[in-house]
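Asks: Pasting a structure below so you can have a look.
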């Protein structure tokens, strides 16, 4: 059992390594373009709502807390508490997605969705109109992939919740809870970086 | 297997993380030039370390796991670093002004 | 039946690349021969003679390991050093290089000469004269490859790439596209004709009915309406372009920038990206999608020809506008 | 044939093959050996699909005019050849088959650490392959296996998204295999199996796994970005809005250069096994070979820029990448020298696997050294994107990896099936492969320096003779691949019984019965000596 637990945690960490590189590719490309077009990127920040971003960060951090407490409960064999914390985690995860959806809607209303041939209008700052599209592509791809990870995460939490309901975990066996927790925290960490990189670019200087 | 951290520890970490989040938000409203991004990223790194060491309980994990966790970040920096080998040095070429 | 085994060497750098290639080949042959010989020799000498023999163990030798790590590495460093020498020696064109402009387009090469001649899939160059080719792409990445000159450079859309060479032997040589660019990639080939100076002069005299490239650019400048704002002698809504090329320009953002091909290209395609100090950003429309890469190059050559302060408009000049010198006067644009 | 037919009795001992019957027992198996067999079947199918495209390419290139198919079709041929061979044959080839089968056995484990994930990785692979095949059936892809933007993202009118999705999915199969191996090697070693006693095949697979885990996600996201760019008609590599197509190349080669080490490292591991077994001698410089595997895995990530010297990358970056390219050649050289030295004063037999090992050492040496031409700045400018590159990587991939794979298949076939293959035919086809290979690819070095660009449907007439030689060689090579397929299948039913250890090899995989039982060992083995302790086999020492 101990061996399996160790293997599973190590395996999850190795998996997170690949996840780091997966997002790392995007972060790398993002950094290159931010270096190439700093002003165009900065000009986009007026269309990001940093308060939403900060709220979402806070929501995710709370969900990480409940997740960590859930894992703690699993370790101590407190099944009721585990189930409760899993529900909280799911609720906060869904809350994140709902807030995210509101934000996407706001971008749509603002005509800031260059995808699909362009729901796009940047006449307020025409000098950045081309390159700002790159930032918005990054924004939608990165937050999109992150949201996808959240959806998968909520799915995993649901599975774990039902496993817990069926009494599959005990003080001696809680590997799936532990491993899913690692995944959840990782998704949180990605957001911790996405928040300043996407929402707070040159926030202090309204360039336009 | 591992010692179980107390609820108090978790809640304290959570409080720090939330505080840091809003600190990031408010610091971003002050114009510090290039330092805005530096501070934002430093805070992000700090927050990440808290999540990794406490919520993900890396501090109680084996050295091997720590090595793999560190390896991921090292490799990502390697990726970025070598992008920059190209992009930064494009500037040094006659007529180059990519950066 | 033709069976060439080695390409013709027709440029100034060809033989230096060939020497390095011979050196690398020699090392490869020697190393491969050594390994093959050792494997054959051991395999025969120590072939299994009885099913039951067990040879004595040999665990290794630190000295040998160090020797066969360090020595090959030193040899490889000579590859690196020599290769880097050639690469850097040929990195930037000499100042007296003659300009030629090439645009890659699926699937042809469009060549323009400063004198106004234009060709497709044909490049004519004089012998013993450094040629600087400014490369642009209309669509995807192409690669300008002349095997006989040992030169190749990718042509990346959205920017200018530079390559240069000095042809040394009259003749006709292949011009290939070396970066896969779509359906007729293998049809994107042409010929480079190297001529003696005299022949080249004669050839030049034959072409260019539409005037020099700068004149073509000047016509375009009028047709596109650039001249209404960018007037030559008096302040219009846009900067006066005389003397701009090659100078450092003060931007609205406070930075300065060198007005070179890339900057002028950007100013035409995306005029608001970097606005000159003292001008409004939203006055000039973008010309993205409205002019071809070829026309863009003509405009650049025209603006380049204005760099010489006080020179008469190119329509009154004869022949080819010279490559400008660095102009100390800070001009303005837009 | 060395020691065949020691035990001709027809008694079926319980093993992984006869444990259960029926398709369910295969498709839902968690046994790493059965999954390895599933993989062998799948990659063989993919290999022959890729091979058909290769033959069509070679037939087209018999004449310079491009008269067999039109250029669009030809472009699809080489693209599909590349995608199928690289992502669906070479990458999974040794790790997912021989590695899957033997890594657990060699470390004395019952199975991999995550048997279910192992099965999942096969299903993911099949899913990816289904997309790739769908792209072929629907009408093909014409971007080249490198998917360079902006051609792939904007200009191509073919099924790029389908193919990219296929590669993306298959990437996760590769990641999961790597993840499984890493955890297995760390956590599942038998008592006494220290890191210093691991067989070099395990070391090689471990190093490979590191690359798979660290590199594959980057190519996955890169291709995802290309797919999204096509789907949304806008993206980050689009030069029209200021995107830099060269960034795509950086991201692509960040994985795809190390990927060639994913392909070759396990092959090197196989050769270490073969050379020791058929020289009946411990490896020369164990720690250097093991260390060089890790060295290749790590330095391999630092050299990708040598694919981009003429792309308009900064020339200082070119300098950096060129220097590091020289560095990565050192560990490869160490391996070649050590294998050769292992043969010194050995007891060398000429069984088929050893013939493949000889072939590997020679061809890999040529392949590796010609790689240095491409890492040397001045020369690369001329030879990059020509047939020189094609020849170089086929020397490494076919002359190296495929020969190692065939060598390994012959070496372990008796263990996997309990049967011996016909030695005469095997030797014959090994020679065919070697001869055909050289005839196919050596002329391409000359073509490359002459300047024939790669991916050309029609070429200049003066290149014809060399191209005809190449096509002739390809037909010999093709025959050399088909013969083993036939006799392997034949031997499963009619081959003589192999016995447990026909080569009298060391290594835990040979200590158990052939074919191995479901959990590999009757009792967990306890390891007391280093790998390749041939001198401890109680026999007479011969000077």
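Asks: Considering segment B:1-31 alone, what residues qualify as being within 7 Å of chain A (Cβ to nearest Cβ), at pLDDT below 90 and more than 26 Å from residue B:73 (Cα to Cα)?
Replies: Correct list: B:1, B:4, B:29, B:30, B:31.
Asks: Can you say whether residue A:114 is surrounded by 17 or more Cβ atoms within 10 Å (Cβ to Cβ), modelled with pLDDT under 95 and more than 10 Å from chain B (Cβ to nearest Cβ), as far as the supplied structure shows? Show your work before the answer.
Replies: Details: surrounded by 17 or more Cβ atoms within 10 Å (Cβ to Cβ): yes; modelled with pLDDT under 95: yes; more than 10 Å from chain B (Cβ to nearest Cβ): yes.
Answer is yes for this residue.
Yes/no matrix, rows are residues, columns are (1) within 12 Å of chain C (Cβ to nearest Cβ); (2) assigned to a helix (DSSP H, G or I); (3) modelled with pLDDT under 95:
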| residue | (1), (2), (3) |
| --- | --- |
| D:388 | yes, yes, no |
| D:395 | yes, yes, no |
| D:400 | no, yes, yes |
| D:403 | no, yes, no |
| D:407 | no, yes, no |
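Asks: Would you mind finding the one in C:20, C:3, C:74 that is in contact (Cβ under 8 Å) with a residue 24 or more places away in the chain, within 30 Å of residue D:449 (Cβ to Cβ) and not assigned by TED's automatic domain parsing to the domain that holds residue C:134? Explain how you work it out, then say what you get.
Replies: Numbers: C:3 fails: in contact (Cβ under 8 Å) with a residue 24 or more places away in the chain; C:74 fails: in contact (Cβ under 8 Å) with a residue 24 or more places away in the chain.
Checking each option against the conditions leaves just C:20.
Asks: Any idea which residue in segment C:154-166 is farthest from residue D:245 (Cα to Cα), counting only those that are more than 8 Å from chain D (Cβ to nearest Cβ) and in a strand (DSSP E or B)?
Replies: Ranking the qualifying residues of segment C:154-166, first place goes to C:166.
Asks: Suppose we filter A:138, A:161 for residues that are part of a helix (DSSP H, G or I) and either touching a strand residue (DSSP E or B) at 6+ places or on another chain (Cβ under 7 Å) or closer than 20 Å to residue A:53 by Cα (or both); which single one remains?
Replies: A:138
Asks: Can you tell me which residue among C:227, C:205 is over 17 Å from the mean Cα position of the chain (by Cα), without any contact (Cβ under 8 Å) to a residue 60 or more places away in the chain, surrounded by 15 or more Cβ atoms within 10 Å (Cβ to Cβ) and more than 24 Å from residue C:108 (Cβ to Cβ)? Don't jump to the end; show me each part of the working.
Replies: Details: C:205 fails: surrounded by 15 or more Cβ atoms within 10 Å (Cβ to Cβ).
After applying the criteria, what remains is C:227.
Asks: Inspect segment D:79-91 for any residue being more than 26 Å from residue D:152 (Cα to Cα) and over 17 Å from the mean Cα position of the chain (by Cα) and give the result as yes or no.
Replies: Looking for residues that are more than 26 Å from residue D:152 (Cα to Cα) and over 17 Å from the mean Cα position of the chain (by Cα), one finds none in segment D:79-91, hence no.
Asks: Please determine whether any residue of segment D:80-92 is farther than 30 Å from residue D:157 by Cβ and either touching a strand residue (DSSP E or B) at 6+ places or on another chain (Cβ under 9 Å) or surrounded by fewer than 24 Cβ atoms within 10 Å (Cβ to Cβ) (or both).
Replies: Within segment D:80-92, none of the residues are farther than 30 Å from residue D:157 by Cβ and either touching a strand residue (DSSP E or B) at 6+ places or on another chain (Cβ under 9 Å) or surrounded by fewer than 24 Cβ atoms within 10 Å (Cβ to Cβ) (or both).
Asks: I've got another one for you. Identify the residue in segment C:167-193 that is in contact (Cβ under 8 Å) with a residue 60 or more places away in the chain and assigned to a loop (DSSP other than H, G, I, E, B) and, among all such residues, is surrounded by the most Cβ atoms within 10 Å (Cβ to Cβ).
Replies: So the residue we want is C:181.
Asks: When both residues are 6+ apart or on different chains and their Cβ atoms are under 6 Å apart, which pairs have a first residue that lies in segment B:54-73 and is more than 7 Å from chain A (Cβ to nearest Cβ), and a second that is in a loop (DSSP other than H, G, I, E, B) and surrounded by fewer than 20 Cβ atoms within 10 Å (Cβ to Cβ)?
Replies: B:60/B:2
Asks: For residues in segment C:136-153 being within 7 Å of chain D (Cβ to nearest Cβ) and under 23 Å from residue D:238 (Cβ atoms), which is surrounded by the most Cβ atoms within 10 Å (Cβ to Cβ)?
Replies: C:140
Asks: Could you tell me whether any residue of segment B:36-43 is over 13 Å from the mean Cα position of the chain (by Cα), at pLDDT 90 or above, surrounded by 17 or more Cβ atoms within 10 Å (Cβ to Cβ) and more than 7 Å from every other protein chain (Cβ to nearest Cβ)?
Replies: no
Asks: Can you confirm whether segment D:186-198 contains a residue that is within 14 Å of chain C (Cβ to nearest Cβ) and either under 20 Å from residue D:250 (Cα atoms) or out of contact with any strand residue (DSSP E or B) (no Cβ under 8 Å at 6 or more places or on another chain) (or both)?
Replies: Yes, that holds for at least one residue.
Asks: Now for a separate question. Within 11 Å of chain C (Cβ to nearest Cβ), touching a strand residue (DSSP E or B) at 6+ places or on another chain (Cβ under 8 Å) and in a helix (DSSP H, G or I) - does that describe any residue in segment D:329-352?
Replies: No: segment D:329-352 contains no residue that is within 11 Å of chain C (Cβ to nearest Cβ), touching a strand residue (DSSP E or B) at 6+ places or on another chain (Cβ under 8 Å) and in a helix (DSSP H, G or I).
Asks: Then there's this: Identify all residues within segment A:25-47 that are more than 7 Å from chain D (Cβ to nearest Cβ) and within 16 Å of the chain's Cα centre (by Cα); write none if there are none.
Replies: Result: A:27, single match.
Asks: Do we find a residue being within 22 Å of the chain's Cα centre (by Cα), closer than 20 Å to residue C:295 by Cβ and free of Cβ contacts under 8 Å to residues at least 40 places away in the same chain anywhere in segment C:241-249?
Replies: No.
Results for (1) facing another protein chain (nearest Cβ under 10 Å); (2) within 24 Å of residue D:374 (Cβ to Cβ); (3) not in a helix (DSSP H, G or I), shown as yes or no for each residue.
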residue	(1), (2), (3)
D:283	yes, no, yes
D:289	yes, no, no
D:298	yes, yes, no
D:305	yes, yes, no
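Asks: Would you please name the residue that is surrounded by the most Cβ atoms within 10 Å (Cβ to Cβ), looking only at residues in segment D:122-164 that are assigned to a helix (DSSP H, G or I), within 14 Å of chain C (Cβ to nearest Cβ) and without any contact (Cβ under 8 Å) to a residue 40 or more places away in the chain?
Replies: So in segment D:122-164, the residues assigned to a helix (DSSP H, G or I) come out as D:122-138, D:151-155, D:160-164.
Now drop any that are not within 14 Å of chain C (Cβ to nearest Cβ), which leaves D:151-155, D:160.
Subset that is without any contact (Cβ under 8 Å) to a residue 40 or more places away in the chain: D:151, D:155.
Values: D:151: 26, D:155: 17.
Applying the filter and picking the extreme gives D:151.
Asks: Yes or no: residue C:202 modelled with pLDDT of 85 or more and either away from chain A (no Cβ under 14 Å) or under 20 Å from residue A:40 (Cα atoms) (or both)? Please lay out each step first, then the result.
Replies: Details: modelled with pLDDT of 85 or more: yes; either away from chain A (no Cβ under 14 Å) or under 20 Å from residue A:40 (Cα atoms) (or both): yes.
So residue C:202 passes the test.
Asks: Further question: Among the residues of segment D:372-385, are any more than 18 Å from residue D:310 (Cβ to Cβ), within 13 Å of another protein chain (Cβ to nearest Cβ) and surrounded by fewer than 24 Cβ atoms within 10 Å (Cβ to Cβ)?
Replies: Let us first name the residues in segment D:372-385 that are more than 18 Å from residue D:310 (Cβ to Cβ), namely none.
No.
The values are calculated or read from the model by the stated rules, or taken from the named source; none is laboratory data. Owing to the predicted nature of the structure, the values given are computational and were not obtained by experimental measurement. Here Cβ is always computed from backbone atoms with ideal geometry, including for glycine, and neighbour counts include all displayed protein chains.
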